[in-house]
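Report on the structure given below.
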Amino acid sequence: MSKTAETEGALETRGIEPVPESERTARTRELFPTWVAANISVLLLTMGASLIVAYKLNFWQALVVAIAAPVVSYGLVGLIGIAGKRGGAPGMALSRAVFGQRGNLLPGSLIWVARWGWETINAVTGAYAVLTVLDILFGVKSNKVLVIVTLLLFVVATFVISGLGINAVQKCNKYATYLFGLFSVLVLVYLIANTDWARVFHQPAGKTSLMFAGIGLIAAGGVSWIPASPDFTRYLPRTASSVAIVRNSVGGAGIVVLPMVLMGAVMAVSTPSLASAADPVSFLGEILPLWIAVPYLLIALVGMLLINAMSMYSAGFTAQTLGFKVPRHWAVSVNALISLVFGGILMLVATSFMGSFIAFLSLLAVAFSAWVGVFGADMLRRTEYDAKALVDTTRASAYWYKGGFSPAAVAAWAIGLAGGLLFTTSDWFTGPLAANNPIGEYGLGWVATIVISGLLYVVLPKPAVVTPEAPAEEERETLAV
């Protein structure tokens, strides 16, 4: 991230207000480490194992899934990220132009709540990594007090990084990318030397239809990042290449998702219980040799810390769009407290960590997808956003529409969300139409949600696109300096 008036210091003070053109000096290549860091998660290994154990796919089918999933999900991340360079504001602030000042509270609230769960899962995984390293290196066994202490330390560290802002997040992401490269080499050496490759390559092929289920499973994690994508592109100049935004989003995610999923698939051939481990972090610490287990768990810890920091960074903006009139870094603290409470409950009470994660991921993808369908369809007709109207929440705002709502956007979002849930199945919820059809059976409810909400928004009558007012003479002179 190039230094600007807002990012050169330790603390980013800018909230949801659009970034002035004079300060938008970031580069598209900085998105690559951003999406690398957003995917350094041990849970990708367990999902890769699930492709072999639960879906009965072979190595080559898992390879296709591991390539297709990040292309699909982070292709959408990159496309929605284009809105960030157009409007210079976070995703949920730009969303006001689509849903209206009041209408935006509906998807905004749901997405904010969904982030609670995502951050809780990340915090729990990070805390498990700390506990496992303490056990391996020092023989310190887990207990309830230690669980809470490690969880607290993880959440506090997350809050510090996300609270400081985009500059701190981007710098940490850059170094995490280097660490991940080193970690990948270590694991690759171990797997090449210790894997029964004949057994791996002679696994029978599974149903082709279940490959689509696998793509849906792994892509769902990427879908959760789509509403946050503009948060990391708003410092790009308007002239930034849209193709480069998409390319770096897909490339950064793919370079992590592909090897992590394949490593999980390979490990599952000899250790199938990886796919259903109640605590996947400590499980891997037990089956890997010490020389690889410790660096692996440390990079997993760093990865989960940065994933959570990125999520909380975006959640702070979402909280501000919902009416929390506090500085961005204090808005972040709300999500930090929530993830601490929910994380403690999950670590001390829940019996199936992976089951809870998969169930949550299925519903999370649907919740985000309804917004994605409407916002994405709106991008087809809108190339710029009115900066003043975005932050004006009064009736005078150009984005007030009818009573603060855009009827077309709100209706398309609500119907798309309901329709997607009808086709969604998980341990927590099963829609009435989820059985006996490919969409529900293969976990593609989030795809149906995007299609339904997007098509509805296209055909419904919409408010005219607001053309931003030309800047005053004084502002133009400032921008020209």
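Quick notes
- Members of K141/K171; K56/K174; K325/K388; K388/K462; K85/K174 lying beyond 25 Å, as alpha-carbon distances in this model show: K141/K171; K56/K174
- DSSP H segments from the chain that extend 20 Å or more along their own axis, Cα-based, with Kyte-Doolittle mean of -1.0 or above: 59-87, 105-138, 144-164, 166-194, 208-223, 242-270, 290-321, 328-348, 353-379, 407-422, 445-459
- Heavy-atom accessible area, probed at 1.4 angstrom with all protein chains present, ranks H329, H202 as H202, H329, highest first.
- Charge dipole (Cα centre; +1 on Lys/Arg Cβ, -1 on Asp/Glu Cβ; no other charges) of the chain amounts to roughly 380 debye.
- For the range 65-195, the alpha-carbon radius of gyration amounts to 1.40 times the rule-of-thumb value 2.2 N^0.38 Å expected for a compact globular protein.
- Taking the Kirkwood radius as Rh and the Cα radius of gyration as Rg, the range 267-324 has a ratio of Rg/Rh equal to 1.22.
- Taking all Cα pairs closer than 8 Å and separated by 6 or more residues, the relative contact order of the range 26-352 comes to 47 percent.
- Electrostatic tally near W413: other residues with Cβ closer than 15 Å to its Cβ, Lys and Arg +1, Asp and Glu -1, net +2.
- Percent of alpha-carbon pairs separated by more than 38 Å within the range 26-352: 13
- Computed over neighbours whose Cβ is under 11 Å from that of A464, the net charge equals +3, Lys and Arg +1, Asp and Glu -1.
- Using the Cβ of V64 as centre and a radius below 15 Å, the other residues enclosed give a net charge of +2, where K and R count +1 and D and E count -1.
- Across the protein chains, with a 1.4 Å probe defining accessible surface, the residues Y190, Y235 rank Y190, Y235 from largest area downward.
- Helix-only arithmetic for the chain: the sum of -39500 (n - 2.57) across DSSP H runs with n ≥ 4, divided by the residue total, places the mean residue ellipticity at 222 nm at -22500 deg cm²/dmol.
- Taking packing as the residue-averaged number of other Cβ atoms within 10 angstrom, the listed peptides 210-217, 291-298 run from highest to lowest as 210-217, 291-298.
- Using the Stokes-Einstein relation with a Kirkwood hydrodynamic radius computed over Cα pairs, the translational diffusion coefficient of the range 138-203 at 37 °C and a viscosity of 0.692 mPa s comes to 209 µm²/s.
- Ranking of K462, K388, K85 by solvent-accessible surface, largest first: K388, K462, K85 (1.4 Å probe, protein heavy atoms only, all chains present).
The values are calculated or read from the model by the stated rules, or taken from the named source; none is laboratory data. Since the model is a prediction, treat every value here as computed from it, not as a measurement. Note: ideal-geometry Cβ built from the backbone for every residue, glycine included; neighbour counts use all protein chains shown. Heavy atoms of the whole protein, side chains included, go into the accessibility calculation; ligands, DNA and RNA do not. Shrake-Rupley method; radii C 1.70, N 1.55, O 1.52, S 1.80 Å.
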